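Q: A single structure is presented below for examination.
The values are calculated or read from the model by the stated rules, or taken from the named source; none is laboratory data. A quick note: this is a predicted structure, and the numbers were derived from the prediction, not measured. With ideal geometry, Cβ positions are generated from the backbone for all residues, glycine too; neighbour counts draw on all protein chains shown. Only protein heavy atoms, including side chains, enter the accessible area calculation; ligands, DNA and RNA are left aside. Shrake-Rupley method; radii C 1.70, N 1.55, O 1.52, S 1.80 Å.
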Amino acid sequence: MCGIVGLFLKDKSLEPQLGALLTDMLITMTDRGPDSAGIAIYGAEQDGLAKLTIQSDAPDDDFATLAADLSTALGVSVDLHRKDSHAVVILPAGQAAAARAVIAGRPGQIRVMSDGNAIEIYKEVGLPQDVAARFALSKMAGTHGIGHTRMATESAVTTQGAHPFSTGPDQCLVHNGSLSNHNNLRRKLRRDGVRIESENDTEVGAAYLTWKMQNGATLGEALEASLTDLDGFFTFVVGTKEGFGVVRDPIACKPAVLAETDQYVAFGSEYRAMVGLPGIEAARVWEPEPATVYFWSH
Amino acid sequence: MSTSDKEAPRTAPIQSATFTNPVNAEIRRAAATGIYDIRGGGAKRKVPHFDDLLFLGASISRYPLEGYRERCDTSVTLGTRFAKNPITLDIPITIAGMSFGALSAQAKEALGRGASAAGTSTTTGDGGMTPEERGHSTKLVYQYLPSRYGMNPDDLRRADAIEIVVGQGAKPGGGGMLLGQKISDRVAEMRTLPKGIDQRSACRHPDWTGPDDLEIKILELREITGWRVPIYVKVAGSRPYFDTALAVKAGADVVVLDGMQGGTAATQDVFIENVGLPTLACIRPAVRALQDLGMHREVQLVVSGGIRTGADVAKALALGADAVSIGTAALVALGDNDPKWEAEYQALGTTTGAYDDWHEGRDPAGITTQDPLLASRLDPIEGGRRLRNYLKVMTLEAQTIARACGHNHLHNLEPEDLCALTVEAAAMAQVPLAGTEWYPGKPGGGY
Amino acid sequence: MQQIDLATTPLREMNETLQAQTGADNQTAWEILNPRGSHAVACGLDAPIEVTVRGHTGYYCAGMNKQAAIHVTGSVGPGVAENMMSGTVVIDGDASQYAGATGRGGLLVIKGNASSRCGISMKGIDIVVHGNIGHMSAFMAQVGNLVVCGDAGEALGDSLYEARLFVRGSVKSLGSDCIEKEMRPEHLAILADLLERAGSDAKPEEFRRYGSARKLYTFDIDNAAAY
């Protein structure tokens, strides 16, 4: 149960403001989700480089020698930029899987939030305003981003339970609603070797999409299939390197509003999340149809 | 020598424990009629209950209070979190929501009279507020239900509290169906439905879903009523930890938690008997949710479903509830299932104690009916007196126990005053099995 | 004209001020500025006053309205005019889910489109939508008229009671127990009146009428699939 915001920029001149615009949208949705907050932001790609966003509850210890250790283990140059409990690890493209393996083998509690060329994910327990401040989200630039405020329903209020959930390289998902068959689906996916870390229903939704795409589905096909295979109430917003998509369950009770102008496409659980956007008064505002996949890309 | 076949010992007839006579009768009934069994009331199956708990009492390590002389207070205040006008009740036993429609106007009036005389509140139901009920209830809780029958802002502002009903213990996740027989002219008018047709009640609210929306709905109701009255949220016992936590997060002043023995006017028997948690199993998770949020006693917890005696009241309070609510017991106090109507129960194919076809409108006791002749059998003044007496007795009983445990207020009862007779009850109530310090799931292992 | 600016005035104070009006003095015209998606704007009013909300609102705008004429120049969130008793509510833009839910009287006009569940469980309200309506509209609708000048989404009028539904455009699908019915002169008269009061120039003859087949009125196992 939650608030979702999303912003996809068509006008490049707005890119330096992406973090600031999304942060305002996120904070407006505090009432819908005061437990934790998170944001996935898609920045500029750097040729030949990949990045991992990682998180630790003990970053001083866990991050201290990580770049050097990775560099030694992988035999490549690795940069690490720490932001509070998170850090972005920059390394040569193609090294992400190897780096994940090294991180998994280390002592400590480092969690990989995302990997890809463009995506960075920041999420923590706390009020959206405080989470945004910890990571200086409002200073971030980018082409598009998705944010989430969480009111936990049945799983714990933890960093792991916060959204967005990574669904694969440069992919992420946020959710408003409550899935009713996630336990069975989690067991099935785990049997098929899919990594699912929490008891959170949304993570199962995310893992399901990843699993579908690993088996050859496009993101659009995976979302279409989710309408059959996922039970319960959901509005999903998914991010990819190129853009973002929206899908609601066939009953479509959980709120969703889209707004489009020449400059951007915006998503909000409520209209008021978007009132601070430039030119919103003249935007085309509508609600996504049930069981219909929407997608915008660059 | 040979014994004839006639004299040979035969296998004694063995009744199946699975296909019992009642089970087979129900199969035959379903096959004959093509309709599932609809009935009133709550779960009849045996489930672990308050009967499986005992109080320890005081002796040398604790000192009891002198009955009737040393005070043992019983008052409770509900809605202290946000409401300008919280409700203070003389006793921690309220009357649960029961609709005009399900009950006769006389029965509703009797409930109002009895509750008021005992210093407690009564509650409307799925059918709106009647003037009789408002007139005879000093404190009236107005239910805000998915159907919204009769809902209007004037009654909302006339209420002393608003109870947003998310679920009922008899049917968590279910709607309702009041069969056409009970839709009289007056019921039909209050519900804006044609007379005599089945009334189908929705299972979800028409204009919100989930805790994030609920928070906004609560805001609207507070704005319409000027933040004066407490907002209760009533949930069925199904996932009490999460539901209590979410009701609190959405802004409730009071959480009402109804276990599976809680009654309903009419729903499928299969639903009543197979969905939901026993009341005993609901309380500790709900209290834990309140404690985890630092809200125990700040947001009050009202527990209902199978409360019958002062001992039940005391046990619910000891487990952490702030008050309890009664429905079925109040109807029995008014005369429901009274043996004096046995001949008429027999004529309806049932017997005293088992009558549960409340939805059919032919209640011999004149309580769950809209038939004017039957309804006139219940004198609201006499009914009110009976209910008041019963509420007073329950209160005295609870006080007796509390004093014996050394408490000067019912609210000072605590889980440590209790022990459990069965392992099941020990697990559900999280109090030790009698004579031990152990209950299943106790942190730290125990024995 | 009295103005209340929600950028500087708390919601509680605004609603308290409007709820205190009796319509007896000459302060009958009010303007609300900067609603910016706020919830519960101008809810619980009970006086013959005129309130203009300049901008977009959140959930439950004009909730449980009695007597007042409320005009929103923007779009509204879920549950606009829910359980309205009387008066009029006019929305220049679009309405989100549950517009006019459980409404018991008065007139709700949506000049744009209404989303899903428009008129859900309506109990006497009249609703006129100039544009389209979304799925599950008029679910369990009991009494009143729902007029749609555009198209209707899926499952229109599911489990309908006695409400009348008029649709000018297409209907994606009818819900359980909802059927097309004959348009009789009295229906054309009702439509003409509502269209006029809602400021629509659509012609009553262009509409089709839908109502309850009344097959769910008494339980029958042969209809069990419809439940």
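Q: Quick one: among B:Gly67, B:Gly42, B:Gly366, which has the greatest mean-square fluctuation in a GNM of chain B with alpha-carbon springs under 10 angstrom?
A: Judging by the Gaussian network model, the answer is B:Gly67.
Q: Per residue of C:9-22, what is the mean number of Cβ atoms on other protein chains within 10 angstrom of that residue's Cβ?
A: Counting other chains' Cβ atoms within 10 Å and averaging over C:9-22 gives 2.
Q: Here's something else I'd like to know. Under the definition of partner shielding as Cβ atoms of other protein chains within 10 Å of a residue Cβ, what is the mean value for peptide B:219-230?
A: 6
Q: In Å², and per residue, what accessible area does the stretch C:1-78 have when probed at 1.4 Å with the other protein chains present?
A: Result: 36 Å² of accessible area for each residue.
Q: Residues in the stretch A:274-296 near a label at C:Thr73, defined as backbone nitrogen under 19 Å from the 7 Å Cα→Cβ point?
A: Zone members listed by number: A:275-285.
Q: While we're looking at this one, here's another question. Would you tally the net charge around C:His56, using a Cβ to Cβ cut-off of less than 9 Å, leaving C:His56 out, and scoring K and R as +1, D and E as -1?
A: +1
Q: Here is a further query. Can you tell me which of A:17-24, C:132-139, A:137-144 comes out highest on packing, and rank the rest after it, using the mean Cβ neighbours within 10 Å?
A: In decreasing order of mean packing, A:17-24, C:132-139, A:137-144 become C:132-139, A:17-24, A:137-144.
Q: Report the net charge of residues surrounding A:Ala50, where surrounding means a beta-carbon distance below 14 angstrom and charges are Lys +1, Arg +1, Asp -1, Glu -1.
A: Residues close to A:Ala50 contribute a combined charge of -3.
Q: Could you tell me the relative contact order of chain B? Use alpha-carbon pairs under 8 Å, at least six residues apart, and round to a whole percent.
A: Once divided by the residue count of chain B, the mean separation gives 23 percent.
Q: Distance between Cα centroids, the stretch B:1-70 to the stretch A:179-253: provide it in whole Å.
A: 45
Q: To the nearest 0.05, how large is the calculated FRET efficiency for A:Ala73 and A:Arg191 if R₀ is 30 Å and r is the Cβ-Cβ distance?
A: It comes out at approximately 0.45.
Q: Here is a follow-up. Please state the shape class of the protein assembly as shown: rounded when a/c is under 1.5, otherwise prolate if a/b exceeds b/c and oblate if not, all from the C-alpha gyration tensor.
A: Oblate, since a/c reaches 1.5 and b/c is not below a/b.
Q: Which whole-number percent gives the relative contact order of chain A, counting Cα pairs below 8 Å spaced six or more residues apart?
A: Once divided by the residue count of chain A, the mean separation gives 25 percent.
Q: Provide the net charge surrounding B:Arg134, with neighbours chosen by a C-beta distance below 11 Å and charges set as Lys +1, Arg +1, Asp -1, Glu -1.
A: Residues close to B:Arg134 contribute a combined charge of -3.
Q: Among B:Lys217/C:Lys172; B:Lys108/B:Lys139; A:Lys51/A:Lys83; C:Lys123/C:Lys215, which pairs are too far apart, with a Cα-Cα distance over 22 Å?
A: B:Lys217/C:Lys172
Q: A 19 angstrom limit on the alpha carbon distance is what I want to check against. Which of B:Lys315/B:Lys392; A:Lys10/A:Lys241; A:Lys12/A:Lys139; B:Lys46/B:Lys182; A:Lys10/A:Lys123; B:Lys171/B:Lys234 exceed it?
A: Violating the 19 Å Cα-Cα cut-off are B:Lys46/B:Lys182; A:Lys10/A:Lys123.
Q: Roughly how many nanometres apart are two label points built 7 Å out from the Cα toward the Cβ at B:Ala343 and A:Thr218?
A: If labels sit at B:Ala343 and A:Thr218, their model points lie 8.0 nm apart.
Q: Ignoring everything except DSSP H segments at least 4 long, calculate the 222 nm mean residue ellipticity for chain A; use -39,500 (n - 2.57) per segment, divide by total residues, nearest 500.
A: -7500 deg cm²/dmol
Q: Express in Å², to the nearest 10, the accessible area of A:Ser297 obtained by rolling a 1.4 Å probe over the protein heavy atoms while all chains stay in place.
A: 70
Q: Right, another one. Which of rounded, prolate or oblate describes the stretch B:1-142 when judged by the alpha-carbon gyration tensor and an a/c cut-off of 1.5?
A: The shape class here is oblate.
Q: Indicate, rounded to the nearest 5 percent, the antiparallel portion of the DSSP beta bridges found entirely in chain C.
A: Bridges in chain C are about 15 percent antiparallel.
Q: To the nearest 0.05, what FRET efficiency results for C:Ser173 and A:His81 with a Förster distance of 60 Å applied to their C-beta separation?
A: Computed FRET efficiency for C:Ser173 and A:His81: 0.65.
Q: Here is a further query. Could you state the accessible area per residue of the stretch C:97-227 in Å², with a 1.4 Å probe and every protein chain left in place?
A: I get 36 Å² per residue for the stretch C:97-227.
Q: Within 10 Å of each candidate Cβ there may be at most 14 other Cβ atoms; applying that plus a DSSP loop requirement, which trypsin sites (Lys or Arg not before Pro) in the stretch B:82-138 survive?
A: In loop regions of the stretch B:82-138 (DSSP not H, G, I, E or B), the sparsely surrounded trypsin sites (Lys or Arg not before Pro) are B:Lys84.
Q: Normalising by the residue count of the stretch A:1-67, find the relative contact order in percent from Cα pairs under 8 Å and 6+ residues apart.
A: Computed value for the stretch A:1-67: 32 percent relative contact order.
Q: Tell me the label-point distance for the pair C:Asp193, A:Glu281, using the 7 Å Cα-to-Cβ offset, in nm and rounded to one decimal.
A: Between C:Asp193 and A:Glu281, the simple spin-label model gives 3.9 nm.
Q: Have a look at B:Ile326, B:Ile197, B:Ile14 and tell me which one the Gaussian network model of chain B (Cα, springs below 10 Å) gives the largest fluctuation.
A: For chain B, modelled as a Gaussian network with Cα springs under 10 Å, the answer is B:Ile14.
Q: C:Thr218 to B:Glu382: FRET efficiency via 1/(1 + (r/R0)^6), r the Cβ-Cβ distance, R0 45 Å, to the nearest 0.05?
A: 0.80
Q: Under a 1.4 angstrom probe, counting protein chains only, how are B:Arg28, B:Arg284, B:Arg148 ranked by accessible area, largest first?
A: Descending accessible area places them as B:Arg28, B:Arg284, B:Arg148.
Q: Counting helices only, and only those DSSP H runs with n ≥ 4, report the 222 nm mean residue ellipticity of chain B as the sum of -39,500 (n - 2.57) divided by its residues, in deg cm²/dmol to the nearest 500.
A: -10000 deg cm²/dmol
Q: For the stretch B:343-427, rounded, prolate or oblate, judged on the Cα gyration tensor with a ≥ b ≥ c (square roots of eigenvalues), a/c < 1.5 rounded, else prolate if a/b > b/c?
A: Because a/c hits 1.5 or more and a/b fails to exceed b/c, the stretch B:343-427 counts as oblate.
Q: B:Glu26: accessible area at probe 1.4 Å, nearest 10 Å²?
A: Spelled out: B:Glu26, probe radius 1.4 Å, area about 70 Å².
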